[in-house]
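*Asks:* Structure in C-alpha cells, see below.
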Amino acid sequence: VARWVENPYYQHLTGETFFQHKLPIDPSSLTRWRGRIGEEGVEWLLTQTIRAAQKSGAIDEDSVKRVAVDTTVMEKAIAHPTDSRLYERARDQLVALAQEAGVELRQSYARLAPRLALQVGRYAHARQFKRMRKSLKRLKGYTGRVMRDLRRHLQDIPDGSLRDRIAAKLALVSHLLHQPPKGSGKIYALHEPEVDCISKGKARVRYEFGCKVSVATTLDEGFVVGMRSFAGNPYDGHTLRPALEQVEILTDQRPELAVVDRGYRGHGEEKTRVLISGTRRGLTPKLITDLRRRSAIEAEIGHMKTDGRLSRCPLKGATGDALFAVLCACGHNIRKILAHLRAWLACMIAALRAAINAPDQCHQIVIAA
C-alpha cells in the first residue's frame, strides 16, 4: 500500500488519473481478510488454481496422480538470534512494560546494557572468547535483575490486560534465561517463540530459523498440488502421509505414485506407492524415468523462494506460517498458468502470420512459373 502511494506508475496502471497522496485502503484490511478465511480459505484458493490449470490445459487431468514430494525451510522474518541481542531485547521490553505500569525499578541498566551488548559482538569478532563470555554473563545478570525486580512488583499491578502481558513476558524471559545451550524448545525470538532451528546440511547456511514446509508438485509440469507447514521440525518421513492427504483433499483423488528423496525412508505410507531416490531393484523403464524427474521439484522450490517470497515469512505465529506457505503455492501456480497462456498466444500469433503470408508466397510462385 505504501509503494502504491509513492509510485505514480502503480497508480496509473490501477486507473487513477490524478496523483494520490493518501492510502487507498487501510493497511490492516489484508491482515483481517487472512484471519477471516483461515487455512481452509487459502487451501480453497489453491484448489481453484489447480482447476484453472486443468481447464487452461497447463496440466493434464491425470497429472495429479503422479507427484514429487520434498521439504524445505521457510525462514521467519527475525534477526539472527544471538544471546547478547536476546538478553538486551528482553531487558528493554521489561523496562518498557514497567514504565507503562508505573513501576519504578531499582535500576534499568539503560546505559550499561546496550554498550555491553555491543561489546560482546566486538569480542566475538576479535575471537576474545574469554572476555566475550564474561561480558555475556554480566549482561545476562542485568536482564535477570530487571526481571526479578518487576516480578516483585507484579502483585501491586491491578488485574487487567497489562498485568497479563507482564506475566506472560516474565515467563518468556525466565525461559530465555534458564534455557540450556543445546537442546530443543529454545527461544530464538521474543516476538516469535515458536521458531525452530533447522539444519538441512547446507554448506552456505548451517542453521535456518523458521518452520519446515512440505511441497507436493506434479511430476511432469511442476504445479503445486499440496503445501503444508509443520511446527517442531519433524522427520521428513513423518510428513509424507499428511502431505498426501492434503493432495487428496485438494484434487479429489489420491496420488498413485509419490517420488521422494532418501530423507523419507521409513515413511510408513501404504495407500500410495512411494519411490525413494536411489532405488535400483524392481523398476521398469517408466519408473526409472519418473525417478529421474524427482530433482525437478528442487527448481520449483527455488523459484518459489526467489520469485514467490517463500524464503522469508513475515506473518506472525504458526497460523501465519500455514497461510503464507499456501499463498506462495497459489502465486506459483498462477505464474505458471500465465506462462502457459503467453506461450499459447505466441503460437497462435505465429500460426496467423504463417497463414497470412502463405497466399502471397503461392501467388509469387504462380507468377514465376
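*Asks:* Suppose the filter is touching a residue at least 24 places away in the same chain (Cβ under 8 Å), of a type in the set (Val, Ile, Thr), more than 27 Å from Gly210 (Cβ to Cβ) and surrounded by fewer than 22 Cβ atoms within 10 Å (Cβ to Cβ); does Val64 pass it?
*Replies:* The answer is no for Val64.
*Asks:* Gly308: in contact with a Gly (Cβ under 8 Å, 6 or more places away or on another chain), in a helix (DSSP H, G or I), in the same structural domain as Leu46 (by TED's automatic domain parsing) and closer than 30 Å to Ala189 by Cα, yes or no?
*Replies:* no
*Asks:* Would you confirm whether any residue within the range 343-350 is surrounded by 15 or more Cβ atoms within 10 Å (Cβ to Cβ) and either hydrophobic (A, V, I, L, M, F, W, C) or not in a helix (DSSP H, G or I) (or both)?
*Replies:* The answer is no, given that none of the residues of the range 343-350 is surrounded by 15 or more Cβ atoms within 10 Å (Cβ to Cβ) and either hydrophobic (A, V, I, L, M, F, W, C) or not in a helix (DSSP H, G or I) (or both).
*Asks:* Continuing with this model, one more query. Looking only at the range 149-180, count how many residues are exposed (fewer than 13 other Cβ atoms within 10 Å of the Cβ) and in a helix (DSSP H, G or I).
*Replies:* Matching residues across the range 149-180 total 8.
*Asks:* Residues that are among the β-branched types (Val, Ile, Thr), in contact with a His (Cβ under 8 Å, 6 or more places away or on another chain) and closer than 30 Å to Gly185 by Cα, at least 2 per element: which strands (runs of 3 or more DSSP E) completely within the range 222-281 meet that?
*Replies:* Values: elements: 224-230, 257-260, 273-276.
Hits in the range 222-281: none.
Let's see how each residue does on (1) modelled with pLDDT of 90 or more; (2) outside the structural domain of Gly232 (by TED's automatic domain parsing); (3) farther than 23 Å from Glu43 by Cβ:
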position: Arg312; (1), (2), (3): yes, no, no
position: Asp321; (1), (2), (3): yes, no, no
position: Phe324; (1), (2), (3): yes, no, no
position: Asn333; (1), (2), (3): yes, no, no
position: Met348; (1), (2), (3): yes, yes, yes
position: Asn357; (1), (2), (3): no, yes, yes
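The values are calculated or read from the model by the stated rules, or taken from the named source; none is laboratory data. Keep in mind it's a predicted model, so treat the numbers as computed, not measured. FYI the Cβ positions are ideal-geometry reconstructions off the backbone, even for glycines, and counts take in every protein chain you see.
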